[in-house]
1. In nm, to one decimal, how far is the residue 265 label point from the residue 127 one, both placed 7 Å along Cα→Cβ?
2. Name the residues whose placed amide hydrogens come within less than 5 Å of the amide hydrogen of residue 134, ignoring near sequence neighbours (fewer than 5 apart) on the same chain.
3. Whole-Å semi-axes of the stretch 77-183's equivalent ellipsoid, largest first, each the root of 5 times a Cα gyration tensor eigenvalue?
4. Just to confirm a number: summing +1 for Lys and Arg and -1 for Asp and Glu over residues other than residue 227 whose beta-carbon lies under 10 angstrom from that of residue 227, what do you get?
5. Give a residue-ordered list of calculated ³J(HN,Hα) values for the stretch 307-315 (Karplus: 6.51 cos²θ - 1.76 cosθ + 1.60, θ = phi - 60°; whole Hz; x for Gly, Pro).
6. Let's test the formula: R0 of 22 Å, r as the Cβ-Cβ distance of residue 44 and residue 88. What FRET efficiency results, to the nearest 0.05?
7. May I ask you to compute the full-extension gain from residue 150 to residue 288, defined as 0.36 nm times their residue separation minus their alpha-carbon distance, rounded to one decimal in nm?
8. If packing is taken as the average number of other Cβ atoms within 10 Å across a peptide's residues, how do 84-90, 62-68 rank, most packed first?
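The values are calculated or read from the model by the stated rules, or taken from the named source; none is laboratory data. Model, not experiment: these values are computed from the prediction. When we count neighbours, we look across all protein chains shown, and the Cβ atoms used for this are built from the backbone with ideal geometry, even at glycine. Surface accessibility is based on the protein's heavy atoms, side chains included, excluding ligands, DNA and RNA. Shrake-Rupley method; radii C 1.70, N 1.55, O 1.52, S 1.80 Å.
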Amino acid sequence: MLSRASLFENCIVESPETESVKYIGSKLKLLPHILEMVAWTGAKTILDGFSGSTRVSQALAKSGYQVVCNDISTWSEVFGTCYMLNRNSKDAYDSLIQELRLTPPKKGWFTHYYGGYPNGGLAIQNDGLKRPWQIHNTMKLDGVRDRIDEMCLSPIEKSVALTSLILALDKVDNTLGHYVAYLKEWAPRSYNKLNLEVPRVFAQNTKHIVLQKDIFDVVDNSVDLAYYDPPYGSNNEKMPPSRVRYASYYHPWTTICLNDKPALFGKANRRTDSSDRLVGSVFEEFRRNPSTDKYFAVEAIERLIKKTRAKWILLSYSSSGRSTAEELNEILTNNGELTKVRRIDYRKNVMAEMKWTHDWISESQEKHQEFLFLVNKG
């Protein structure tokens, strides 16, 4: 195993500035390692197959790569359009965002379902439910969101406006980073006034692609390297089948993008189309396939690796995921050459590169570690 000193000497790639909302599974701290491993391959075109908050896609684009940014979620596609397809300087959107700042607040759909009164510091309202935002901010949300639809905006301008609104709401919310439960007492930031700012877009000439598709519909894209960070299911055997799926964590962002005023359910007022029975990725499927005795999630990873056309695959993996180390190691080594493995343990502040690629199996027994696997499919 490499020493920490030698590893840090090798990490010469600095991560450019990126921007997004609070996001479970964010790869913000992994960006220097991702960029360093991508650079080592000499790849020029990259598929970010599960782009999520789009931080990885933003970093890759700013580092000079041509990127295919893909995620199945609506709000991720909006973020991707904002950051990846923009051709204008940041100040080109000053007047747009200024007009939205001046939009009068009003009581509308979002205020009715997601706005709460200070109530002596408690977020619990008269109906017994907690709210993710205080009413002065949801009233501004209602005014701004309707105004966006009234303006004659291009797809990129609209994505910039929506991204600005979501980023502003993320800074005044009453959550721990997701929207399946809200805090009992108002978070200090929730008292702040909603303030829209121009997203930190960057003008570029590279023709990136932004998609909103199932990953198995894009694996045949002709790219040099595919980066995958699937929404791994928990390896907690006690996790109930009705657990909240990853896709529903950010249901308000979907509603803000669509402004479709959907039917809601539950204590968090989730979209009915975000219910556990309707959403969820096969990569977070906790059940075993009775015919193979393998987890469906493990089989999905194997199918993903096999079907990918790229020469290189860079795979993020959490030690809390459903796959066992032995199963995942078998999948990777059976479908290419496992060239590099990097372990990142945030709690111990340890970053190490495996001298022998199979050494990670013993290292993975500790909880809360992230791994990066670089596979050469040849």
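1. Here the answer is 1.6 nm between the modelled labels.
2. Amide H neighbours of residue 134, under 5 Å, 5+ apart: 116.
3. 29, 15, 11
4. Value of the local net charge: -1.
5. Couplings: 7, 5, 8, 4, 5, 10, 10, 10, 10 Hz.
6. Numbers: r = 25 Å, r/R0 = 1.12.
Approximately 0.35, to the nearest 0.05.
7. Working it through step by step, the gained length comes to 44.8 nm.
8. So the order, starting with the most tightly packed, is 62-68, 84-90.
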